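J.: The following block contains the structure, expressed as structure tokens.
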Amino acid sequence: MPEFDANEIFYGNYEDAMSRLSEIEQFAEYMGLYLKKEATYFREEAHVDLEIEFLPLFAETFPPILHSSLIISTAILAELEMRGYAATLRKAHGLDLGLNDLSGSILERFRAYVGKLAHLPLDWSRARWDDLVGSFEIRNCLVHSGGSLKEFARANVILAFASRHGTPECTTGNLKISEKTAKLILQVTTAFIEEIYEAAIRALPGKHNL
């Protein structure tokens, strides 16, 4: 059996995660250009359909769906990374408990697992922890409440996030997701993933260093 090299595994996973985040970013940029092109077309060239007497509402209906899907995809990626990260920590430290043995949300379990069980020194402020929690609650609100803050138990977390960053817009009681929201959440997630992997690679001996 080859020797288990946690440093090597964390470095490989870090590179994979950065590649996937880059792909999401590139897709967002590509779609952003497409949406601008379509908006220009509907504004300057399209004509009213005389049978139904209105222009397609593409510019109003599709972009929020796209940006919401990017936020959800980013959250899924972050959760997969946390699960894989915890599994590698468990093997590296010979821990009896796994991430699923703890209680709470995925973020609460991850923070407890990294800090209290693995005792990994991680600067949560550099990982933008509060913003990551806000990002996940925006994702949860979109998925479980259709973007309605009135029906969402942790609306206060989203409102605090919006107050710090000016997005998403929450004035109507519903989340108004924009390109700015999706880009910000991708930035927050990237900072978080970079920090957790850098902390692991620094703490565990091996040839890689970030």
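J.: Would you please name the residue that is farthest from L120 (Cα to Cα), looking only at residues in region 80-102 that are of a type in the set (D, E, K, R) and in a helix (DSSP H, G or I)?
T.: D101
J.: Now for a separate question. Mind listing whichever residues of region 129-157 are in a loop (DSSP other than H, G, I, E, B), farther than 18 Å from S69 by Cα and out of contact with any helix residue (DSSP H, G or I) (no Cβ under 6 Å at 6 or more places or on another chain)?
T.: K150, A153
J.: Kindly indicate whether any position in region 37-47 is part of a helix (DSSP H, G or I), of a type in the set (D, E) and modelled with pLDDT of 95 or more.
T.: no
J.: Are any residues in region 163-210 touching a residue at least 60 places away in the same chain (Cβ under 8 Å) and either touching a strand residue (DSSP E or B) at 6+ places or on another chain (Cβ under 9 Å) or at positive phi (or both), and if so, which ones?
T.: Matches in region 163-210: K176, I177, S178, T181, G206.
J.: If you take the residues in region 1-25 that are over 13 Å from the mean Cα position of the chain (by Cα) and among the charged types (D, E, K, R), which one is surrounded by the fewest Cβ atoms within 10 Å (Cβ to Cβ)?
T.: E3
J.: For region 108-128, indicate whether the set of residues that are part of a loop (DSSP other than H, G, I, E, B), closer than 25 Å to M31 by Cβ, in contact (Cβ under 8 Å) with a residue 40 or more places away in the chain and among the basic types (K, R) is non-empty.
T.: Looking through region 108-128, at least one residue is part of a loop (DSSP other than H, G, I, E, B), closer than 25 Å to M31 by Cβ, in contact (Cβ under 8 Å) with a residue 40 or more places away in the chain and among the basic types (K, R).
J.: Residue under question is I52, and the condition is that it be under 16 Å from L186 (Cβ atoms), out of contact with any helix residue (DSSP H, G or I) (no Cβ under 6 Å at 6 or more places or on another chain) and either in a loop (DSSP other than H, G, I, E, B) or at pLDDT 95 or above (or both); does it hold?
T.: Against the criterion (under 16 Å from L186 (Cβ atoms), out of contact with any helix residue (DSSP H, G or I) (no Cβ under 6 Å at 6 or more places or on another chain) and either in a loop (DSSP other than H, G, I, E, B) or at pLDDT 95 or above (or both)), I52 does not qualify.
J.: Just to be sure before I move on: is N174 under 30 Å from L89 (Cβ atoms) and not small (G, A, S) in the structure I sent?
T.: Criteria not met by N174.
J.: Same structure, new question: Might you let me know whether region 59-79 holds any residue that is at negative phi, hydrophobic (A, V, I, L, M, F, W, C) and part of a loop (DSSP other than H, G, I, E, B)?
T.: no
J.: Follow-up question, since we're still on this one. Would you confirm whether any residue within region 140-155 is closer than 27 Å to E15 by Cβ, at pLDDT 95 or above and buried (at least 18 other Cβ atoms within 10 Å of the Cβ)?
T.: Looking for residues that are closer than 27 Å to E15 by Cβ, at pLDDT 95 or above and buried (at least 18 other Cβ atoms within 10 Å of the Cβ), one finds none in region 140-155, hence no.
J.: So, one more: Filter region 158-210 for residues that are part of a loop (DSSP other than H, G, I, E, B) and either of a type in the set (A, V, I, L, M) or under 18 Å from the mean Cα position of the chain (by Cα) (or both) and give the result.
T.: Answer for region 158-210, where residues must be part of a loop (DSSP other than H, G, I, E, B) and either of a type in the set (A, V, I, L, M) or under 18 Å from the mean Cα position of the chain (by Cα) (or both): G166, T167, P168, L175, I177, S178, L204, L210.
J.: Do we find that T88 is over 14 Å from the mean Cα position of the chain (by Cα) and either closer than 19 Å to I185 by Cα or at pLDDT 90 or above (or both) in this structure?
T.: yes
The values are calculated or read from the model by the stated rules, or taken from the named source; none is laboratory data. All values derive from a computational prediction rather than experimental measurement. For neighbour counting, all protein chains shown are included, and Cβ atoms are generated from backbone atoms with ideal geometry for every residue, glycine included.
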